[in-house]
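*Asks:* To start, I am sharing the structure in question, which I have written as structure tokens.
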Amino acid sequence: MSDPTGSPSAPTPPPGCPAHDGAVQLGGLEYQQTPSQLYRSMRREHGAVAPVLLDNDIPAWLVLGYPEVCYVTSHDELFARDSRRWNQWDHIPSDWPLLPFVGYQPSVLFTEGAEHQRRAGVITQALEGVDQFELVRECELIAGQLISSFSGSGQAELMSVYAHALPARAVLWMCGMPQDSTDTEQLVDDLRISLDAGEGDDPVAAYLRVGERIMQLVKEKRERPGPDVTSRMLLDPAGLSDEEIVQDLISVIAAAQQPTANWICNTLRLLLTDERFALNVSGGRVSVGDALNEVLWLDTPTQNFIGRWAVRDTQLGGRLIREGDCLVLGLAAANTDPQIWPESHAGAENSAHLSFSNGEHRCPYPAPLLADVMARTAVETLLERLPDLVLAVEPEELTWRPSIWMRGLTSLPVQFTPAVH
């Protein structure tokens, strides 16, 4: 991917943009363990909209307030998704790590107006064709296979062998990818790298490999359609091109895989470390649903989303937002906004969280329902199969990935009575 404006790269940000005194570097140790404290201090110092610096000190705004995030996502005429509006392209290096997120692609993520409605409509129709009972059965099957691979050992690291693998395999099954093939495994790994690269990973190269494999899948389904999301998108009367379908499938797969994996793992962490759940989990399923919803409020898998770009000069949260400025949606900060939780108590009482975003560009219906099926089935099946599952380390030894975008553990080591096959 390249600079969509074709402009030369420059190593330093320009003066006189949001990078004024007090701009907060998005990153560092605060994000690794206690981002909620960082959001609180940013809100105290800057209010609902804070000046921040992205990688390479690129300036942007972080929208922290619940009402402000709702306003931005509900006013596409002021805050649009086409990143070619950005006033910083002259300063973005070609190897910038956030290019997979913001480099303009002809995908549903960057479309606007009638074109967005057309593209999102195709995705919605394709996802509505997924039989949720069939998805439950497939997730139970995948869960059973994954659990069988480690249940005899009495210990496992659930992040890698379970939480990431299950939604990846489930969403690729929905899209018609062959199961248990080596290129499917490679695709799963490349998706992880492109979305949340670790040390030494090349997210741009991984993203290009993802695109190549999905294009191959689209060509296969064009020749031999089946009862899957890809085929339904190809057969939709809207008549999307192969390239459009590739881009939109990548969006669907990425949105289903990494956030759902972290949703599963963050929920398991809550169930295994919070005494409110310990007594109830083995006795019934109600508390699993409570835990899933509470995680969306307090440890939402997508904590920040980049972004929106100002269509013209405007005001937001007392700030002057210039035309072309980038706004990062602070979903985690908004979910714990003291305006909606005045007693600092955010809980599972309702589902008005912003974890699936808001407005026209929110996760298309029924994507949140399908994600819930995957996460709920993954957690319930694991607890049914391994009822004496416990953490293999002290809760405080668990560490979070140092990502400003995703909220997920580096690992979740557990132990249990080995199962006899």
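The values are calculated or read from the model by the stated rules, or taken from the named source; none is laboratory data. All values reported here derive from a predicted model rather than from experimental measurement. Here the Cβ positions follow ideal geometry from the backbone for every residue, glycine too, while neighbour counts run over all protein chains shown. These accessible areas exclude ligands, DNA and RNA; they are computed on the full protein's heavy atoms, side chains included. Shrake-Rupley method; radii C 1.70, N 1.55, O 1.52, S 1.80 Å.
*Asks:* Of everything in region 83-104, what is among the hydroxyl-bearing types (Ser, Thr, Tyr) and open to solvent by 10 Å² or more (accessible area, probe 1.4 Å)? Give them in sequence order. Outline the logic, then answer.
*Replies:* Within region 83-104, the first condition is being among the hydroxyl-bearing types (Ser, Thr, Tyr), and the residues that meet it are 83, 94, 104.
Selection gives Ser94, Tyr104.
*Asks:* For region 302-381, please list each of the strands (runs of 3 or more DSSP E) lying entirely inside it that holds at least 1 residues being touching a helix residue (DSSP H, G or I) at 6+ places or on another chain (Cβ under 7 Å).
*Replies:* It comes to 305-310, 314-316, 326-329.
*Asks:* Can you find a residue in region 24-44 that is modelled with pLDDT of 95 or more, assigned to a helix (DSSP H, G or I) and more than 20 Å from the chain's Cα centre (by Cα)?
*Replies:* Filtering region 24-44 for residues modelled with pLDDT of 95 or more gives none.
Checked against the condition, which is being modelled with pLDDT of 95 or more, assigned to a helix (DSSP H, G or I) and more than 20 Å from the chain's Cα centre (by Cα), region 24-44 yields no hits at all.
*Asks:* Identify, by number, the condition in (1) at pLDDT 95 or above; (2) surrounded by 17 or more Cβ atoms within 10 Å (Cβ to Cβ) that Val108 doesn't meet.
*Replies:* With respect to (1) at pLDDT 95 or above; (2) surrounded by 17 or more Cβ atoms within 10 Å (Cβ to Cβ), Val108 is out only on (1).
*Asks:* Now, a different point. Which one is most open to solvent (accessible area, probe 1.4 Å), of the residues in region 32-82 that are under 17 Å from Arg362 (Cα atoms) and hydrophobic (A, V, I, L, M, F, W, C)?
*Replies:* So the residue we want is Cys70.
*Asks:* Okay, moving on. Suppose we filter Val393, Val414 for residues that are under 18 Å from His164 (Cα atoms), out of contact with any Cys (no Cβ under 7 Å at 6 or more places or on another chain), β-branched (Val, Ile, Thr) and not in a helix (DSSP H, G or I); which single one remains?
*Replies:* Working: Val393 fails: under 18 Å from His164 (Cα atoms).
Exactly one of Val393, Val414 is under 18 Å from His164 (Cα atoms), out of contact with any Cys (no Cβ under 7 Å at 6 or more places or on another chain), β-branched (Val, Ile, Thr) and not in a helix (DSSP H, G or I), namely Val414.
*Asks:* Another one. Of everything in region 394-418 that's exposed (fewer than 13 other Cβ atoms within 10 Å of the Cβ) and of a type in the set (Val, Ile, Thr), which residue is nearest to the chain's Cα centre (by Cα)?
*Replies:* Applying the filter and picking the extreme gives Thr399.
*Asks:* Which count do you get for residues in region 158-170 that are crowded, with 17+ Cβ neighbours inside 10 Å and closer than 19 Å to Pro402 by Cα? Give the derivation first.
*Replies:* Initial filter on region 158-170 (crowded, with 17+ Cβ neighbours inside 10 Å): 158-159, 162-170.
If we keep only those that are closer than 19 Å to Pro402 by Cα too, we end up with 158-159, 163-164.
The total comes to 4.
*Asks:* Would you be able to tell me the number of residues in region 296-337 that are free of Cβ contacts under 8 Å to residues at least 24 places away in the same chain and within 19 Å of Leu26 (Cα to Cα)? Steps first, please.
*Replies:* Within region 296-337, the subset free of Cβ contacts under 8 Å to residues at least 24 places away in the same chain is 313, 315, 320.
If we keep only those that are within 19 Å of Leu26 (Cα to Cα) as well, we get none.
Matching residues across region 296-337 total 0.
*Asks:* Say whether the condition of being of a type outside the set (Gly, Ala, Ser), in a loop (DSSP other than H, G, I, E, B) and within 28 Å of Glu244 (Cβ to Cβ) is met by at least one residue in region 206-214. Quick ask: steps written out before the conclusion?
*Replies:* We begin by selecting, within region 206-214, every residue of a type outside the set (Gly, Ala, Ser); these are 207-210, 212-214.
Applying the additional criterion that residues be in a loop (DSSP other than H, G, I, E, B) yields none.
Looking through region 206-214, none of the residues is of a type outside the set (Gly, Ala, Ser), in a loop (DSSP other than H, G, I, E, B) and within 28 Å of Glu244 (Cβ to Cβ).
*Asks:* I would also like to ask the following. Kindly establish whether Asn358 is modelled with pLDDT of 85 or more, under 17 Å from the mean Cα position of the chain (by Cα) and open to solvent by 20 Å² or more (accessible area, probe 1.4 Å).
*Replies:* On the way: modelled with pLDDT of 85 or more: yes; under 17 Å from the mean Cα position of the chain (by Cα): yes; open to solvent by 20 Å² or more (accessible area, probe 1.4 Å): yes.
Considered against the rule, which asks whether it is modelled with pLDDT of 85 or more, under 17 Å from the mean Cα position of the chain (by Cα) and open to solvent by 20 Å² or more (accessible area, probe 1.4 Å), Asn358 comes out as yes.
*Asks:* Could I ask something else about it? Any residue at all in region 171-190 that's under 20 Å from the mean Cα position of the chain (by Cα), open to solvent by 30 Å² or more (accessible area, probe 1.4 Å) and within 26 Å of Asp131 (Cα to Cα)?
*Replies:* The answer is yes, given that some residue of region 171-190 is under 20 Å from the mean Cα position of the chain (by Cα), open to solvent by 30 Å² or more (accessible area, probe 1.4 Å) and within 26 Å of Asp131 (Cα to Cα).
*Asks:* Would you please name the residue that is most open to solvent (accessible area, probe 1.4 Å), looking only at residues in region 207-239 that are touching a residue at least 60 places away in the same chain (Cβ under 8 Å) and aliphatic (A, V, I, L, M)?
*Replies:* Leu208
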